Amino acid sequence: MVRAQFTFPRGFLWGTATAAHQVEGGNAASDWKAWEREPGRVLGAHTSSRACEWLQGRYIEDFDRAVADGHNALRLSVEWARIEPEPGRWDAAALQFYRAQLLALRERNITPMVTLCHFTQPLWFMERGGWETPACIQLFERYVQKVAAELGDLCTLWCTINEPNAYVFAAYVAGVFPPGRHNLLLAQQVHLNQLRAHAAAYYALHAARPDARVGWAQYLRGFVAARPGFPPDRWAANWQHQLFNMGWVNAVHSGRFRMLQRSVPVPECRGTCDWLGVNYYTRDLVAFDLRRPFELFGRRQYAPADVLSENGFIASHPAGLFRALEEMQAFGWPMFVTENGVEDAPDSMRPAYLLEHLRALWQAVCFNYPVHGYFHWSLVDNFEWERGWTQRFGLYALDVETQVRTPRRSAQLYAEICRANAISAETAQRYAAPLAGSMFPGSMLAG
């Protein structure tokens, strides 16, 4: 066999991503724990409960799995509600818990990327108005200053806020995250307040740790006109792309934030990006529809021929990842793919999904797009917000009752890629034979 492979740059980061609330358990002081107790908020009345028992120390065995599988990085978050359970009261045990995690990663030569806010807030913060009031900026800055002082010596890569656009849509438009609002104008104000909080956090981290590299994770969803020749569809797709995907990106680049009816100057936000995190999962076809103002006048759907995940949540479109990286590289920031993955309990779709998306990533690297790492979502099945335990994104399957972890074939596939820093023709043939011929055409797979 002619050996062929897609090789990544030396020092490329390979890891997985997760969030505190989804894996720790026992997060009683957060808005999300209260949300879970309300009937009808989470599918199947599921709760995070013990989650993956990281609070009980099982992060150690998961870190051991990661290092055994060749991972050299891990993205995780710290929980604001655990660190500051009451206004101005810092929990020393919580800070020590996170310090122990970072030390455990460093001992294993795994580079940590720490997210400071991943969809959850302290209950007291939300009771004071949360992200809806300008006071949120100073409160978030104070929290970040404390975390930087206590943990900054153990981490260089910092992510201020995860997917602010997805959070705002889920919490203030669709109403499926706390506080469950349905208000487009309020959503825009929250988005602006979080942007300013990000900027305050950026400067706080740099003041505390001059070696800090600070960015955020932006959810980039593909929006494509359902009928490319129909101008209203093109308008709706572009409108959704600009307002959902590009708001923060353009504001950090230009110092102006575009809202529904006006543009707001935010000079303090300009340049507050040492790197950009790209979270990409799927793309939508968008058809113009005046009846859907809360969806920015565009009806979204997947194409009939799309390969869908088991619950129809994700359609596989790896070219969308390349296009996202292509658009983002124009801003000149270093990038990481900070999330990418698919719900797939039987692990029937994930091998091909993973290989195709990593090929798209490799193509971007070959174009000299400044992508320095990839974080798969996720290492272990975890609590998936309003969808509870109905979605399984893990490379390792989790039995929620027994807490037993079982490697899926995708864990082995990803391990081969991480160890080699490359995708070989043999690996593609072994894990997704029908796909291998298109990835490595012709004689590359000939015996």
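The values are calculated or read from the model by the stated rules, or taken from the named source; none is laboratory data. All values derive from a computational prediction rather than experimental measurement. Neighbour counts run over all protein chains shown; Cβ positions are idealised from the backbone, glycine included.
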Residues of region 305-326 being farther than 20 Å from Thr390 by Cα, of a type outside the set (Lys, Arg) and in contact (Cβ under 8 Å) with a residue 24 or more places away in the chain, in sequence order, are His317, Pro318, Ala319, Gly320, Leu321, Phe322, Ala324, Leu325, Glu326
| message | So for region 129-151 (the condition being polar (S, T, N, Q), in a helix (DSSP H, G or I) and under 18 Å from Val252 (Cβ atoms)), does at least one residue qualify? | response | no
Return yes or no: is Arg299 of a type in the set (Lys, Arg), surrounded by fewer than 19 Cβ atoms within 10 Å (Cβ to Cβ) and either closer than 21 Å to Phe8 by Cβ or modelled with pLDDT under 95 (or both)?
no
Sole miss for Ala212 among (1) under 21 Å from the mean Cα position of the chain (by Cα); (2) buried (at least 20 other Cβ atoms within 10 Å of the Cβ); (3) of a type in the set (A, V, I, L, M) is condition (2)
Region 370-447: strands (runs of 3 or more DSSP E) wholly inside it with 1 or more residues that are closer than 16 Å to Thr16 by Cβ and either touching a residue at least 40 places away in the same chain (Cβ under 8 Å) or in contact with a helix residue (DSSP H, G or I) (Cβ under 6 Å, 6 or more places away or on another chain) (or both) are 371-376, 396-398, 405-407
Here the qualifying pairs (Cβ atoms under 6 Å; residues six or more apart or on different chains; first in region 245-262 and without any contact (Cβ under 8 Å) to a residue 12 or more places away in the chain and surrounded by fewer than 18 Cβ atoms within 10 Å (Cβ to Cβ); second of a type outside the set (S, T, N, Q) and not in a helix (DSSP H, G or I)) come out as Arg256/Pro265
Sole miss for Val337 among (1) under 25 Å from Cys273 (Cα atoms); (2) part of a helix (DSSP H, G or I) is condition (2)
Picking from Arg227, Arg221, Arg300, Arg213, the residue that is in contact (Cβ under 8 Å) with a residue 24 or more places away in the chain and closer than 17 Å to Glu327 by Cα would be Arg221
_Check on Arg291, over 20 Å from Tyr369 (Cα atoms), modelled with pLDDT under 95 and outside any helix (DSSP H, G or I)_ = yes
